[in-house]
1. Take segment 92-112 and flag every residue that is touching a residue at least 12 places away in the same chain (Cβ under 8 Å) and either touching a Phe, Trp or Tyr at 6+ places or on another chain (Cβ under 6 Å) or closer than 20 Å to I54 by Cα (or both).
2. Can you tell me which residue in segment 76-90 is surrounded by the most Cβ atoms within 10 Å (Cβ to Cβ), limited to those that are in a helix (DSSP H, G or I) and in contact (Cβ under 8 Å) with a residue 24 or more places away in the chain?
3. In segment 28-41, how many are surrounded by 12 or more Cβ atoms within 10 Å (Cβ to Cβ) and of a type outside the set (A, V, I, L, M)?
4. What tally of residues in segment 115-142 results from selecting those that are outside any helix (DSSP H, G or I) and of a type in the set (D, E, K, R)?
5. Quick one: A112 ticks every box in (1) hydrophobic (A, V, I, L, M, F, W, C); (2) assigned to a loop (DSSP other than H, G, I, E, B); (3) surrounded by 12 or more Cβ atoms within 10 Å (Cβ to Cβ) bar one, so which box is it?
6. Hey, could you check segment 43-75 for residues that are surrounded by fewer than 16 Cβ atoms within 10 Å (Cβ to Cβ) and among the aliphatic types (A, V, I, L, M) and say which is nearest to G144 (Cα to Cα)?
7. Name the pairs: first residue in segment 113-141 and farther than 18 Å from R84 by Cβ, second residue of a type in the set (D, E, K, R) and assigned to a strand (DSSP E or B), Cβ to Cβ under 8 Å, at least 6 apart or on different chains?
Amino acid sequence: MVRAGSRPARAMPAEIESGDRAGGAPASLPPGASVGYLVRETHRAFSRSLQARIGPHGVNIGMWFFIRALWEEDGISQRELSQRVRMMEPTTVTALRNMEKRGIVRRVRNTADRRVINVYLTPYGRELERTLLPQAASVNALAGQGVSDAEVETLRTILNKIRGNLDGDEAVSGG
């Protein structure tokens with residue numbers, strides 16, 4: 001029985017077999033039925049396609065997320081940059097060292113707080129935006145072939161909800 005104002009429970013896809021496990025855990029979860037698996041495979045496909053386009057410009061996919069964040073706000077601290085791209089700080093340091101060697105960014109110790117390192121795009125790093133952003137747009141256009149604008153907007157909404165749910169995961173936060 002469904003109470004007024006509540007939604008009925010969502011049925012599991014046929015591929016997911018219910019078992020007698022604690023908490024109603026499925027007995028099996030084929031990859032094609034796992035949202036996490038599908039998102040991961042889609043992310044990998046996006047990454048391969050983007051890498052093929054930005055690689056000839058001396059940028060790898062590991063640098064992409066940092067450059068993209070700095071195009072939005074240049075001069076942020078190394079820690080803030082790590083948080084924005086959701087990377088661990090040691091990963092950020094390695095990527096920035098590589099980007100610095102390639103003349104894309106420069107790191108400058110903050111004069112007000114010597115413990116802080118701010119990251120700035122070089123003129124070359126800023127110039128890359130005109131070249132690389134159209135490449136990213138072409139990957140999105142390719143991915144969106146045969147998908148309506150309304151479907152893309154629905155997808156964005158759903159993915160943001162899923163990310164929000166996972167960001168609140170107490171198992172990750174230790175709560």
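1. Pass one, segment 92-112, residues touching a residue at least 12 places away in the same chain (Cβ under 8 Å): 92-93, 95-96, 98-99, 102-108, 110.
Matches in segment 92-112: T92, A95, L96, N98, M99, R102, G103, I104, V105, R106.
2. Residues of segment 76-90 that are in a helix (DSSP H, G or I), as a first pass: 78-85, 89-90.
Filter once more, keeping what is in contact (Cβ under 8 Å) with a residue 24 or more places away in the chain: 78-79, 81.
Values: Q78: 18, R79: 13, L81: 24.
Result: L81.
3. Narrowing segment 28-41 to residues surrounded by 12 or more Cβ atoms within 10 Å (Cβ to Cβ): 29-30, 33-34, 37-41.
From what is left, the residues that are of a type outside the set (A, V, I, L, M) are 30, 34, 37, 40-41.
Counting residues in segment 28-41 that are surrounded by 12 or more Cβ atoms within 10 Å (Cβ to Cβ) and of a type outside the set (A, V, I, L, M) gives 5.
4. Of segment 115-142, the ones outside any helix (DSSP H, G or I) are 115-122.
From what's left, of a type in the set (D, E, K, R): 115.
Total meeting the criteria: 1.
5. (3)
6. Looking at residues that are surrounded by fewer than 16 Cβ atoms within 10 Å (Cβ to Cβ) and among the aliphatic types (A, V, I, L, M), I get A45.
7. T122/R106
Here is a yes/no grid of residues against (1) at negative phi; (2) of a type in the set (A, V, I, L, M, F, W, C); (3) modelled with pLDDT under 95; (4) in contact with a helix residue (DSSP H, G or I) (Cβ under 8 Å, 6 or more places away or on another chain):
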{"site": "G75", "(1), (2), (3), (4)": "no, no, no, no"}
{"site": "V105", "(1), (2), (3), (4)": "yes, yes, no, yes"}
{"site": "A112", "(1), (2), (3), (4)": "yes, yes, yes, no"}
{"site": "L121", "(1), (2), (3), (4)": "yes, yes, no, yes"}
{"site": "Y124", "(1), (2), (3), (4)": "yes, no, no, no"}
{"site": "E127", "(1), (2), (3), (4)": "yes, no, no, no"}
{"site": "P134", "(1), (2), (3), (4)": "yes, no, no, no"}
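The values are calculated or read from the model by the stated rules, or taken from the named source; none is laboratory data. What you see is a predicted model; the values in this text were computed from it and never measured. Please note: Cβ atoms are built from the backbone with ideal geometry, for glycine as well, and neighbour counts cover all protein chains shown.
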